[in-house]
Amino acid sequence: MAILIDSPVWPAHGTVFAHLVSDLSLAELHAFAAAAGIPERAFDEDHYDVPERRHAELVARGAMEVSGRDLARALIASGLRVPARERAKALELPLIQRWQALLPGRQDLGRELLTRWAEPHRRYHTRAHLFAVLTSLERIAARKESPRDVPRAVVLAGWFHDAVYSATAAAPGADEEDSARLAEHRLAEAGLPDAEIGEVGRLVRLTSQHSPEAHDAAGQLLCDADLAVLGRDAHGYRRYAAQVREEFGHVPDEEFRAGRAAVLEHLLGLDPLFHTEPARALWSGRAHENLRAELRNGSWLEG
């Protein structure tokens with residue numbers, strides 16, 4: 001295990017920066033950075049950006065100097081590298097374009113939602129999660145026996161389903177309820193039909209338990225897209241689990257373990273976990289493996 005640093009060649013803010021990473025875990029990286037007095041704001045999802053003036057000092061503290069190519073290879077091999085599709089900062093333009101196509105003329109509402117999804121306390125429930133849900137909706141719909149566009153109400157529910165996210169909600173489902181009410185209020189202001197507004201609110205509330213009825217095609221589609229993260233590869237799942245732990249950083253380890261175990265057991269108890277045939281084919285097998293592994297090993301504390 002090692003802390004790695006490349007050469008300071010990346011220009012920004014009137015200087016050049018190097019990248020500081022761990023080839024083992026984010027915990028190791030954060031501990032090294034804290035000991036060196038590197039501010040938290042310098043962290044960018046899988047690395048710290050450090051200015052040229054600090055390069056020699058960090059090498060003296062034990063960071064191993066490597067080429068940019070070798071640093072990238074080590075980060076990928078460690079499983080800590082965050083791919084572009086999961087980088088919240090890179091997704092603003094694609095999300096703006098999707099919103100404009102979905103609800104033309106209501107850029108103000110789209111901007112409000114993107115601001116909410118970028119709140120600083122979020123680690124998993126970010127724009128990257130929003131983008132993943134929207135793309136997962138499209139993947140499921142495209143693989144159905146009779147492919148068709150995703151209904152607008154379902155896409156809107158995707159945009160609103162975690163628009164309110166506190167990680168400190170007093171009661172289960174409180175954030176989903178507040179998100180549903182926000183959707184109903186904002187979409188009424190936007191002039192959408194009452195029936196569609198009601199459907200969006202209903203769908204958002206479903207994401208609290210992910211238990212749509214057998215006849216509820218729209219609810220099944222949204223719930224499956226929301227849980228698609230469970231079917232990531234092992235590295236991607238560990239990133240997700242670590243991000244969830246960061247969102248609940250205010251909760252002591254023992255209390256978090258108990259609460260997280262209850263969530264995992266609930267998910268494993270869902271029968272089925274995924275409701276649509278495309279989602280089952282895409283994610284079900286790996287999702288069950290990931291959930292069982294986290295429940296068994298406590299992998300939310302890794303990385």
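We did not get these values from a lab; they are worked out from the coordinates using the rules stated. Worth saying up front: this structure is predicted, and the values here are computed from it rather than measured. Here Cβ is always computed from backbone atoms with ideal geometry, including for glycine, and neighbour counts include all displayed protein chains.
Points worth noting:
- Folded to 0 to 90 degrees: helix 194-206 orientation relative to the chain principal axis, Cα: 50
- Kirkwood Rh in Å, taken over region 149-224 so that all alpha-carbon pairs contribute: 12.3
- Prolate/oblate/rounded call for region 3-81, Cα gyration tensor, a/c under 1.5 rounded: rounded
- Calculated FRET efficiency for the pair His215/Glu265, C-beta based, R₀ 25 Å, to 0.05: 0.40
- For region 3-81, relative contact order (Cα pairs under 8 Å, six or more residues apart, normalised by length) works out to 41 percent.
- Point-to-point label distance, Leu109-Glu289, nm (Cα→Cβ direction, 7 Å offset): 4.2
- Overall form of region 96-242 per C-alpha gyration tensor (a/c, 1.5; a/b vs b/c): rounded
- With the simple spin-label model, which puts each label point 7 Å out from Cα in the Cβ direction, the Glu28 to Arg148 separation comes to 5.2 nm.
- Exposed trypsin sites (Lys or Arg not before Pro) absent - longest run of the chain, DSSP non-H/G/I/E/B, at most 15 other C-beta within 10 Å: 149-303
- Between helix 217-226 and the chain: long-axis angle, C-alpha atoms, 0 to 90°, nearest 10: 10
- Calculated on the Cα set of region 174-303, radius of gyration then Dmax: 16.4, 49 Å.
- Length added when fully stretched, Glu119-Ala188, from 0.36 nm per residue minus Cα-Cα: 22.4 nm
- For GluC sites (Glu not before Pro), the sites in region 212-275 that DSSP calls loop and that have at most 16 other Cβ atoms within 10 Å are Glu213.
- Straightening the chain between Ala42 and Met64 buys 6.0 nm, computed as 0.36 nm per residue apart minus the Cα-Cα spacing.
- Each pair of Cα atoms in the chain enters the Kirkwood radius, and Stokes-Einstein at 25 °C and 0.890 mPa s then converts it into a translational diffusion coefficient of 118 µm²/s.
- Each residue of region 246-255 was assigned a 3J(HN,Hα) from its phi angle through the Karplus expression (A = 6.51, B = -1.76, C = 1.60, θ = phi - 60°), giving 5, 5, 9, x, 7, 9, x, 3, 4, 5 Hz with x at Gly and Pro.
- Close amide H partners of Asp23, meaning residues 5 or more places away or on another chain with modelled amide H under 5 Å apart, are Ala2, Leu4.
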